[in-house]
Structures are given as C-alpha cells and as structure tokens.
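Nothing in this text is a laboratory measurement; each read-out follows from the coordinates by a stated rule. Given the structure is predicted, the values throughout are model-derived calculations rather than measurements. In this analysis, Cβ positions are derived from the backbone assuming ideal geometry, glycine residues included, and neighbour counts consider all displayed protein chains.
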Amino acid sequence: MQEVFGPEGLIAKTHPEYEHRPGQINMAEAVLRAFEQRRHLIVEAGTGTGKTLAYLVPAIAAACGSGARIVISTGTKNLQEQLMDKDIPFLQETLPAKFRAAVMKGRNNYACLHRIKRAETMPVLDGLDQIDQFDEVFRWSMKTETGDRAELSNLPENLPFWRHIDARSDTCLGQKCADFEPCFVTKMRQRAIDADVIVVNHHLFFADLALRNGAYGSVLPDYAAVILDEAHQIEDVASEYFGVGVSNYQIDDLLYDVGGLRLENNEVERELARISARVQRFADAFWVSFKEGRGLEGRFSLAPSRSSSPTMREDVSEPPALAGGSADDEEQAGMPALPGAPHNALDNALYRLETTLAILKEPPPDAENILRRVRELRFALNFLIKADDKQFVYWIERRGRGVFLRASPINVSGLLQDRLFAKVPTVVLTSATLSSAGNFNFIRERLGLDEAEEMIAESIFDFENQAVLYLPPSMPDPRSPQWGRAAADEVIKIVNATEGRAFVLSTSNAGMNELYERVAPQIDYPCFVQGSTSKGALLKKFRETPNAVLFATASFWQGVDVRGEQLSCVIIDKLPFAVPTDPVVAARQRHIEEMGGSSFYEYSVPQAVISLKQGLGRLIRSTSDRGVLAVLDPRVRTKVYGQQFLKSLPPCRVTSKIDELHSVFDDKTNVQSSMSKVTNA
Ligand code: SF4
C-alpha cells in the first residue's frame, strides 16, 4: 500500500491534490488484511482520511489477485456516480493492474423496452405537455447503450409516466420477454458479471440480499466480499428490505397493468375490467379506513389487530369462481360491520382477480406476471393486517398522495448475521461516523457483527487549530417555553461573529422554521430555508451567495459538501435524539427494555452521538477549512451522558465566550490558550 499511497507512491505522482495521509495507508492496509484473512472489518474514517481510495485500492488488488468479484455499496446514487466517474477512472489510469468496474443501480432507474413499446398503445400520459417528453424518452430508448435515466438530464427528475415504463422487477417478464436480449437490465447484469468490481447502492444491495435464496433469485452476481460505505445507514435500509410493504401506488400500478392486457376473449377482458373497478373501489375504501395520521404526513404506528374476520379467504387454491358470477362475491366482500371488513372486501376482490387470471386460456406473458403480483399483494396485505408477528413493528406512512403500509423487523441483527456476515467471507463496514465515545459497541450490537477487526483511521485535519466548539454559557432546557427565544439569540450572536457563512441545523421542521422566523429579520446576511426550493438548488444558492445562512433539517446533516470559507460555521440546535414517537424507533427501544437493557443508553444516546458527528462533519472538509461548531443544547454539559457526546467530537478547542470565535480564523499560531480542549483519548 506504501507503493500506492506513500509520499513517493503512484498516487503522489499523478494526483493533483495528493496529500500524504498516514490514516489512509493504515486503513488501506487493514482493508487488504481483511480480504487476505477473510475477516470482517469496521473502520471509522472521518473526513480528511481519504477513505474512498483507501478501500478501492485494496479491493482492486484483492479482486485482481484472487479473480473474485467485489461489491462496493454506497449510501447514495451520487456517491456511486462519483466512484464511477472520478475515482475508478483515476485508478484505472494509475494502477498497473488492469481491472473492470461496472455500476448497477436499482431496476427502476432503467427503461424497460417492453413497457415502452406497450406504452404506445396504452394511456401513460396525464397531459399534453408530457407528449414531447415521452417522445424524447422513446427516441432516447432506441439509441441509449445503458437505458439509465440519469442520461435524461434535461428532463424533470420526477417524470410522471416513468413508473409505467421503468424496468422494475414486479413487471418484468424475464426470459419470456421478446426484448430480453437487448434489455438494459440484461446488459447491466452482463457488464456486472464481467467486472472485477461492482458499484451498487445500499438499496440495491439489500434488495438483493433479501431476495437471495428466495423464489425469484438474486439481482447481483455472486461476490466474495463487500465494502459497505456510509455503513451507519445500514440498519434502516436493511429493515426496509427485510420488511413487508404495500402502497396505494402498488395497487394502482397493478390495475393499470391489468387494463393493458389484450386477450382473445372479449368477454373475459370485460370481466377483468369489471373486477378491476371493484378492486379499485374496495382499495379506496381500504385506504380511507386507516385513521392513523389522517390529514398529516409522516410515519404512524398502526393500531394492533384490525383483522381477521372469518370472511377472509386463506385458500388461494380454492376453485375459481365463474366469470360473470360476481354478485355474491361483491355482497360478501362488502360486509360492512365486521372488524377488518375493508380488508376482507379488498381481499375478496383481489381473490376474484386472481382466480380469473389463473384460468385464462393461453395467457399472454404479462398475465402470468400480474397473477404473481396479485398473489404477493394478497399475501402481504394479510400479513400486514393480521399484524401478529412479534418480531415486526407495523406502521403506516403518509407522503404526498401515497399511503404505505409497512411491517419492519424490529431487530435486523439476526437476519444480517445469517444472510450477510455468515455467508460472505469479508464484509468491510466504513463511514465517517460509526463509533460512539470511541467504541463500536452500538453498531456491532445493532447489526449483529460479533467477529470483526476494528479501527479508527486518523484524519489529516488539525482540528485543534481548524475548529472551535462553542457551547453557550447558559441555555434553558430545550423543552422549556424559553428555548426558542434563547436559541435564536445565540444563533444571532454566532452568525454575527462568523459573518454568516453558516448552516443552522435543526432536529425538527418546527424548530427550523421557528429559528428562521426569529433570526432572519434580525441579521444582515442573506438567509435561506429548506423547503423553499430543491435541496440541490438551495445548496447552489448557498455556495454562490457571500455570507449566507442556511436553515435546514435532517437531509442536510449528511452527504453535503461545501468546501472553503463559504461554510465556516455549523450550529446544531438540539442533540439529535431519534423521534421517540416514530413507530420503528419506539419498537426498537421497547425491544431493548424488554430484554432488560436501557434503551436510552444503549440506543438513543449512541444513535444521537453518531447523528451529531454527521452534522458537525459538514464543517471541516479540507486542510485549509476553518470554522466554528456550535451546539446550543445545554444537556451536552449538564447531563452525565453529555460526556459521551463531547468525547465523540473532533479534538477541537472549546469555548463559551462569543468573542473568542474569531480566533479560529486568525493565523493558527494565535491559538487562545484560555480555551479548554475536547480530547477523545
Ligand atoms: S426483460 Fe424485463 S425489464 Fe427487460 S425489457 Fe423485458 S420486461 Fe422489460
């Protein structure tokens, strides 16, 4: 690794921004050892370590040496693109070993040739303005090599008809498809099979992991090792893919596809239309029957046990009803007063759809696929409505027009142990934030990772001189009525000291709006608030506007990179404890208490420490960055657990004097000796 990363190494000779980083070499050597010894590894590599190259180089060396395929999974598509467009091409030019890399995105990023052709005869467009857009997509689909919608950069991100033409697995005909050979997903898979290194994101990785050994096979080709970057996100992503879910969109899409079936027998086609209308009616009634969170957005616990009335059909092999004999069924389905009646009505209508599809003579390939989806939908709905598996938490999410019913495993550690850590010889987990108070107990416990080497890679940043941590001398309790005013006063003082150039990060929308409304009229710097435009546009404005102040919440706590003076201050209002009313968080906490543990110390505190580190990590992004970190929450000093937060922060100077903040921007030899120091020894 010295030959690659050392001061005289290959990277030093070719990389314009090369900096010698001992932490990077140590990490690269640890990753290489993990491959050689077939062990798991956890590495925390804070900003300034150069972790991407530190895992890519040994991964390439291991793949080329053993001929085994290695998967790299990132937290976001942006990071995937950065690896494929920047880091991997750089290494292909720099390293002597020749290697092939391929990117795999979720299937819904790719166009489906079969569905695009079918769309010509089906109404997929909602308005005239979409005709030009569809034409453009159609022409592009005939000439693109990848079929990846990222190439359509001049069209809006949320094309309304894309979901009717994407290559999602639900609607794929597989080898029965006439377009299987030129299919973009087939080609993507082939490129991945031919590659030494495959770059995916966590959603695709865990979707694949949940499917492996299942009836419908895996998405990724086999691999010998995986590197999971941004590994602090894994528990949440894994619980999404090991869970069960049904949404109103899913039923809408199913009925849309039923409407697209072209059958020889017109009478059966008409019957299917009648059944679809009935499913739609009962689905509408079903969704309306959920009171939880009605009129709001967010995630809400489901009241337990809404089922199971005796009318629910369990036996999917029951002889199918005759076409046209729908009156009894509708009557039965419409039984109003029983608990679970809306579900029974929907289930019966779906059952009728299922049985009608099952007896089609010479069904078109789409019909088989739709039949499978109806069966899966019925199964999922029954599971969700019964809600009797104690290992799951059942909840509902409302977002825009969407209603999502979900069941998530409360603890994914056993699943990950069985399906990932026991099966794949080397799993490397890395992130800028994985430890809490200097240890990895929390992440190991949550993910079920018993056997793993661990290291914290050293950053090249000189936090003592590059950053100062400001803790206000006195603040009220964050739950008190005085909080809002006091927090706003502190933000005003801080941004005046730093001349704006600040992110003010809140733990809630309400907190963000209150701070924005109180602070913006009282300062002379341009203020932006999250929600006023897209995240990308907001960041662009912030970067381009001198002395700006941006008020934001969770989505700006991670993955945001503003280098240089433009961002010289990050203010965090409250310690970012997960919202205890969130159904999944509440279930995890309850589970820890039931096992005799303390959910506060074993879950809430370490999880909040990791989030706080993410937020504060926005500040120092290069060796020349300087800035102020501010945590307004007094509990960081007044509570015993506050020590765990302080111990986990970068080793910077600490002050409670507002007039000392400027010192961090002075020459680094002028360090104020009156300040104390955060050490994480
Ligand atoms: S194989 Fe599947 S994804 Fe590919 S074109 Fe056919 S239906 Fe679409």
Fill in the blank from the handout: Note to self, the chain gives a 222 nm [θ] from helices alone (DSSP H runs n ≥ 4, -39500 (n - 2.57) apiece, / all residues, nearest 500) of -12000 deg cm²/dmol
Exercise for the section: Could you please state, rounded to a whole Å, how far the C-alpha centre of region 426-473 is from the C-alpha centre of region 379-412? Expected result: 32
Problem - Spacing of the two label points (7 Å from each Cα toward its C-beta) at Asp418 and Lys86, in nm - result: 4.1
Exercise for the section: May I ask for the Rg/Rh ratio of region 90-178, computed from Cα atoms with Rh as the Kirkwood radius, given to two decimals? Expected result: 1.08
Practice task
Just order 145-156, 619-630 by mean Cβ neighbour count inside 10 Å, highest at the front, would you?
Solution key: 619-630, 145-156
Problem - Mean projected area (nm²) of the alpha-carbon convex hull when the chain is viewed from all directions - result: 32.6
Problem - Theoretical FRET efficiency, 1/(1+(r/R0)^6), r = Cβ-Cβ of Glu264 and Lys117, R0 22 Å, to 0.05 - result: 0.65
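For the peptides 52-62, 656-666, 461-471, 272-282, what is the packing order when you average, over each peptide's residues, the other Cβ atoms within 10 Å and list the highest mean first?
Peptide ranking by packing, descending: 52-62, 461-471, 272-282, 656-666.
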Handout entry: Cα→Cβ-extended label distance, 7 Å offset, between Val654 and Arg100, nm
Key = 5.5
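Under the 0.36 nm per residue contour assumption, what length would be gained going from the current alpha-carbon distance of Asn441 and Asp126 to full extension?
108.2 nm
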Exercise for the section: Of the options Gly536, Ser599, Asn513, report the single residue whose Cα projects farthest towards the positive end of the charge dipole of the chain (beta-carbon charges: Lys, Arg +1; Asp, Glu -1). Expected result: Ser599
Handout entry: Per-pair calculated FRET efficiency, R0 = 45 Å: Lys291 and Glu151 via Cβ, rounded to 0.05
Key = 0.55
Handout entry: Neighbour-count ranking [beta-carbon atoms within 10 angstrom, fewest first] of Lys51, Lys361
Key = Lys361, Lys51
Exercise for the section: List every residue whose amide H lies under 5 Å from the amide H of Val529, counting only residues 5 or more places away in sequence or on a different chain, with H placed 1.01 Å from N in the peptide plane. Expected result: Phe551
Completion exercise
Residue separation between Arg274 and Arg563 times 0.36 nm, minus their alpha-carbon distance, gives in nm 98.1 nm
Problem - Label point distance in nm, Ser247-Gln522, each placed 7 Å from Cα along Cα→Cβ - result: 4.1
Handout entry: Least to most buried among Phe440, Phe551 (fewest other Cβ within 10 Å first)
Key = Phe440, Phe551
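For the chain, what proportion of DSSP beta bridges, expressed in % and rounded to the nearest 5, is antiparallel?
Percent antiparallel among DSSP bridges in the chain is about 30.
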Fill in the blank from the handout: The residues Met595, Met188, Met122, sorted from fewest to most surrounding Cβ atoms within 10 Å, come out as Met595, Met122, Met188
Handout entry: Cβ-derived FRET efficiency at R0 35 Å, Glu17 paired with Thr533, nearest 0.05
Key = 0.65
